[in-house]
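S.K.: Handing you a structure now.
The values are calculated or read from the model by the stated rules, or taken from the named source; none is laboratory data. Just so we're clear, the structure is a prediction, and the values are computed from it rather than from any experiment. Using ideal geometry, Cβ is built from the backbone for each residue, glycine included, and neighbour counts are taken over all protein chains shown. Areas reflect the complete protein model, heavy atoms only, side chains present, ligands, DNA and RNA absent. Shrake-Rupley method; radii C 1.70, N 1.55, O 1.52, S 1.80 Å.
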Amino acid sequence: MEHAQDHEAPLERTQRYYVERPVYTQELLQGQLHRRERAPQTLGQRIARSCRCSSKKAKSHLYSFLPILQWLPRYPVKEYLPGDIISGISTGVMQLPQGLAYALLAAVPPVFGLYSSFYPVFLYTFFGTSRHISIGTFAVISMMVGGVAVRQVPDEIISVGYNSTNLTDTLEYYHARDTKRVQVAVTLAFLSGIIQLCLGLLRFGFVAIYLTEPLVRGFTTAAAVHVFTSQLKYLLGIKTNRYSGPLSVIYSIVAVLSKITTTNIAALVVGLTCIVLLLIGKEINLRFKKKLPVPIPMEIIVVIIGTGVSAGMNLSESYRVDIVGTIPQGLRAPAVPEIELIPAIFVDAIAIAIVGFSMAVSMAKIFALKHGYTTDGNQELIALGICNFVGSFFQSFSITCSMSRSLVQESTGGKTQIAGALSSIMVLLVIVAIGYLFEPLPQTVLAAIVMVNLKGMFKQFGDVAHFWRTSKIELAIWMVAFVASLLLGLDYGLLTAVAFAMITVIYRTQSPQYRLLGPIPGTDIYCDVEEYEEVQEYPGIKIFQANASLYFANSESYTSALKKKTGVDPCALLAARRKAQKRHARELKAANAQRKQAVLKLTNDVEASLKHEIANDELPVNGKFGSADAGVQDVSPDEHQNFVEPKPSIHSLILDFTPVNFVDSVGAKTLKSIIKEYKEVGISVCIASCSGPVVKELTRLNFFDTTVTRELLFHSIHDAVLACQVRQG
């Protein structure tokens, strides 16, 4: 029966509650409850139920697959459209220069960056669940694509048939190289799209949880270093090969330094000028964000200025400045990717698929939380998969969410993906109408855009100090992700970082914190006895808790910590008892020998010392009459055992299973061994707060038998304490 009353204090009002109930074991509690009846279903029934279709279910699946059908009919035109138009234009003017620039990272001609900024962005409008993220080219993914393209089509392979210095041969060499690299990039998008689609349809959206925040931040910081070093040659106007794989950063830096004397001064001046202008523009946008109606589109301004200066001064001919070159007008006809390349790039496609999804879903969750709506991780996988898969037939490379463009799309008033569709239409206009105008654009301008956009990623170096203060393990994850991705390449670095992150999880569960609990006086609340002065243990009762599950990796440490914390080692106690019993047996044997010797001596000297023996018999020794066994202490075995055998200081041990989520077969055997060992030394073991799923696992593992019964399971620690006190009372 429960009563609640308010106790009014002079300074505070405190609620109190009083409960009167029996002491519950798990068995007693389950006996008083009535389980809900659930008819078991066969596999056939489950399949039939999942395949059963109704109009409501079909409509739900259709809306889930095409979210636009849900929000577009209810689109408030007057309220949302103005903001979406401004946001779409602002994002579109960023899509154009970033598409051109990130194509260089992907090791393909710039026009393919425009294709990747149109098809996937337009498709995401129909299939995506986030209202604010901007899909398209992104530095990290483009860098990963470029690494695979360069690895599969290195300069050395293509240059075999083009040793002539003739300009025509040189152009043919570049065309052949770029064509093959485009095939690799397109096939990579095709394969990563299929992987994302399969993961989404199989409801595997949870895979992103294995890419923790420290891992992603360390990985993207290393990717920023890769991107920066890859752009140095464009900024300086130097001709060097592009490297991929382990130590590619070092090779790239060495290659640039070895040809630093051939720097094109005109390209360097143009690039540095663009960097200064872009940094000034970003600083103005940041400082006057609240006063500016829309951010200043410095990237497109720099592109326009750079193109005009290059065309007016003829930088390509006069100063040998590398330019974007031919931009084909119009869209390409769809083509099937090179399927035979799939075995060579399969692992890379998995890495790109997972990293791309992780980037998109993390930004989607941030905006959804800020604006009060929900996103579906599985549908995001399907949406990205469709964008990559369909886009690959139209020569676009792998895409994901861009952080910088997403922030612009949200901050300029974007409410839905109508803004994204408008930005893709702006890119389409450039492709079909005015793309040729950007042919004189110097590549150093695109390098400047890429480098300045890395500013936010380079700020992540500040994570080192943050994680040093908050979590050394997360710092280790960040450092491993950064160093491995920097030195081994983005693909192997990511695999190494994920493996290390999983090892840290195993380490944490393998080395949990152990503590002894005691009650706060006058309550049924139990806390760490070493942490609070008020908390005291019950006499003869130890309450042990580990903040982890019990399984093969930590079962040995669990047993060791239990013995150390309680101060009772059953094996040591039993060994001491056996030692005491042996010593007792030796003492009895020695006493019997002494007794026999005394009797023999007395028999031999009986005549010579008869009077003396009689005299001794009549005199009391220690208050008793002497005997033939005088001088030998006659102690009963029971009295001797009670005197020398070690006895434990406790009579009951309670294991708190509140934090335990699962127990495997090794953990169950360990637990059974603990119960039996402590029982042998006279200590009863109870298990408190064991959850239903854990009890089911123990039952399935045949944990309970005649010696270990369900009566040792208690509903709470306090129930177990009261039961232990009653047993000893």
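S.K.: At 1.4 Å probe size, what's the solvent-accessible area of Tyr80? Round to the nearest 10 Å².
M.R.: Approximately 60 Å² of Tyr80 is accessible to the 1.4 Å probe.
S.K.: Next question. Distance from the Cα centre of segment 519-563 to that of segment 302-378, in angstrom?
M.R.: 56 Å
S.K.: What shape does segment 172-226 have by the C-alpha gyration tensor, where a ≥ b ≥ c are the square roots of the eigenvalues, rounded means a/c under 1.5, and otherwise prolate means a/b greater than b/c and oblate the rest? The partial results should precede the final answer.
M.R.: On the way: a/c = 8.02, a/b = 1.44, b/c = 5.55.
Verdict is oblate for segment 172-226.
S.K.: Using the alpha-carbon atoms, what tilt in degrees (0 to 90, nearest 10) does helix 665-680 show relative to the longest principal axis of the chain?
M.R.: The angle comes out near 20 degrees.
S.K.: May I pose another question? Using only the Cα atoms, what convex hull volume per residue in Å³ does segment 177-320 have? Write down the numbers at each step before the final one.
M.R.: Working: hull volume 29.2 nm³, N = 144.
Roughly 203 Å³ of hull volume per residue.
S.K.: I would also like to ask the following. Find the percent of Cα-Cα distances in segment 1-143 that exceed 25 Å, and round it to a whole number. Intermediate results must be reported in sequence, preceding the final value.
M.R.: On the way: 6669 of 10153 pairs.
In whole percent, the long-distance tail amounts to 66.
S.K.: Could you give the dipole magnitude of the chain about its Cα centre, charging the beta-carbon of Lys and Arg +1 and that of Asp and Glu -1, in debye to the nearest 20? Intermediate results must be reported in sequence, preceding the final value.
M.R.: Values: 67 positive and 57 negative charges, 291 e Å.
In total the dipole reaches around 1400 debye.
S.K.: Considering the Cα positions of segment 512-602, please state its Rg to one decimal place and its Dmax as a whole number of Å.
M.R.: Final numbers for Rg and Dmax: 23.0, 71 Å.
S.K.: Using 0.36 nm per residue, how much length does the chain from Ala176 to Leu437 gain when fully extended, once their Cα-Cα distance is taken away? Walk me through the numbers before you get to the answer.
M.R.: Values: separation 261, 0.36 × 261 = 93.96 nm, distance 2.46 nm.
Computed gain between Ala176 and Leu437 is 91.5 nm.
S.K.: Keeping every protein chain present and rolling a 1.4 Å probe, give me the accessible area per residue for the chain in Å². It would help to have the intermediate numbers written out before the result.
M.R.: Numbers: 38800 Å² over 729 residues.
In whole numbers, the chain has 53 Å² accessible per residue.
S.K.: What is the mean projected area of the alpha carbon convex hull for segment 330-375, to one decimal in square nanometres?
M.R.: Numbers: hull surface 22.7 nm².
It is 5.7 nm².
S.K.: Could you tell me the accessible area of Arg405 in Å² (1.4 Å probe, neighbours in place), rounded to the nearest ten?
M.R.: Accessible surface of Arg405 is approximately 0 Å².
S.K.: Let me have the 222 nm mean residue ellipticity of the chain computed from DSSP H runs of 4+ only, each contributing -39500 (n - 2.57), with the sum over all residues rounded to the nearest 500. The partial results should precede the final answer.
M.R.: On the way: 31 runs with 435 residues, N = 729.
Value at 222 nm, helices only: -19500 deg cm²/dmol.
S.K.: Run the simple label-point estimate for Ala585 and Ile253 please: 7 Å along Cα→C-beta, distance reported in nm.
M.R.: Result for the modelled spin labels: 7.3 nm.
S.K.: Using +1 at the Cβ of each Lys and Arg and -1 at the Cβ of each Asp and Glu in the chain, identify which of Val432, Met298, Gln545 lies farthest towards the dipole's positive end.
M.R.: Positive-most Cα among the choices belongs to Val432.
S.K.: Enter the angle in degrees (range 0 to 90, nearest 10) between the Cα long axis of helix 472-488 and the first principal axis of the Cα atoms of the chain, meaning the one along which they spread out most.
M.R.: Relative to the chain, helix 472-488 is tipped by roughly 40 degrees.
S.K.: In addition: Tell me whether segment 351-467 comes out rounded, prolate or oblate; compute the Cα gyration tensor, take square roots of the eigenvalues as a ≥ b ≥ c, and use a/c under 1.5 as the rounded threshold. It would help to have the intermediate numbers written out before the result.
M.R.: Working: a/c = 1.59, a/b = 1.19, b/c = 1.33.
Taking the square roots of the gyration eigenvalues as a ≥ b ≥ c, segment 351-467 is oblate.
S.K.: Taking a 1.4 Å probe, which of Arg320, Arg578 shows the most accessible area, and what order do the others take after it? Spell out each step's value before the answer.
M.R.: Details: Arg320 190, Arg578 130 Å².
Per-residue accessible area, sorted high to low, gives Arg320, Arg578.
S.K.: Just name one of Gly113, Val529, Pro328: the one whose Cα is farthest towards the positive end of the charge dipole of the chain (beta-carbon charges, Lys/Arg +1, Asp/Glu -1).
M.R.: Pro328
S.K.: Return the tail of the calculated pair distribution for segment 200-251, meaning the percent of Cα-Cα pairs more than 16 Å apart.
M.R.: Details: 777 of 1326 pairs.
Tail of the P(r) past 16 Å holds 59 percent of the pairs.
S.K.: Got a sec? What order do His466, His226, His718 fall in by accessible area at 1.4 Å, biggest, i.e. largest, first?
M.R.: Details: His466 85, His226 10, His718 50 Å².
Order by accessible area, largest first: His466, His718, His226.
S.K.: List, largest first, the extents of the alpha carbons of the chain along their principal axes, each in whole Å.
M.R.: Sorted from largest, the Cα extents of the chain read 144, 64, 64 Å.
S.K.: While we're on this one: Quote the accessible area belonging to Phe206 in square angstrom, nearest 10, computed with a 1.4 Å probe and with ligands, DNA and RNA left uncounted.
M.R.: Using a 1.4 Å probe on the heavy atoms, I get roughly 100 Å².
S.K.: Right, next: Expressed in whole Å with the largest first, what are the equivalent ellipsoid semi-axes of segment 469-546 derived from the C-alpha gyration tensor as the square root of 5 times each eigenvalue? Mind showing how you got there, number by number?
M.R.: Numbers: eigenvalues 377, 29, 11 Å².
So the equivalent ellipsoid measures 43, 12, 7 Å along its semi-axes.
S.K.: Can you tell me the Rg and Dmax of segment 291-389, counting just the alpha carbons, in angstroms?
M.R.: Reported Rg and Dmax, both Å: 20.9, 56.
S.K.: Ranked from the most accessible area to the least, with a 1.4 Å probe and all protein chains present, what is the order of Met144, Met479, Met298?
M.R.: Result, largest first: Met479, Met298, Met144.
S.K.: Quote the Stokes-Einstein diffusion coefficient, in whole µm² s⁻¹, for segment 426-517, based on the Kirkwood radius over alpha carbon pairs, a temperature of 37 °C and a viscosity of 0.692 mPa s. Provide the component values of the computation, followed by the final result.
M.R.: Working: Rh = 17.3 Å.
The diffusion coefficient I find is 190 µm²/s.
S.K.: Quick one: which residues, 5+ away or cross-chain, put their amide H under 5 Å from the amide H of Ser716? H built at 1.01 Å from N.
M.R.: Ser689
S.K.: State the Cα centre-to-centre distance between segment 439-494 and segment 40-116 in whole Å.
M.R.: Measuring centre to centre over Cα atoms gives 29 Å.
S.K.: So what's the projected area for segment 279-340, the Cα convex hull averaged over all directions, in nm²?
M.R.: On the way: hull surface 35.4 nm².
In nm², the orientation-averaged hull projection of segment 279-340 is 8.8.
S.K.: Ile654's amide H: which non-local residues (gap 5+, or another chain) put their own amide H closer than 5 Å, with H modeled 1.01 Å from N in plane and none for Pro or chain starts?
M.R.: Lys542, Ile543, Phe544, Cys686
S.K.: Report the Cα centroid-to-centroid distance between segment 211-286 and segment 696-727 in angstrom, as an integer.
M.R.: One Cα centre to the other: 64 Å.
S.K.: First compute the accessible area of segment 414-503 with a 1.4 Å probe, then give the percent of it belonging to carbon and sulfur atoms.
M.R.: Details: 2720 of 3610 Å².
So the carbon and sulfur contribution to the accessible surface is 75 percent.
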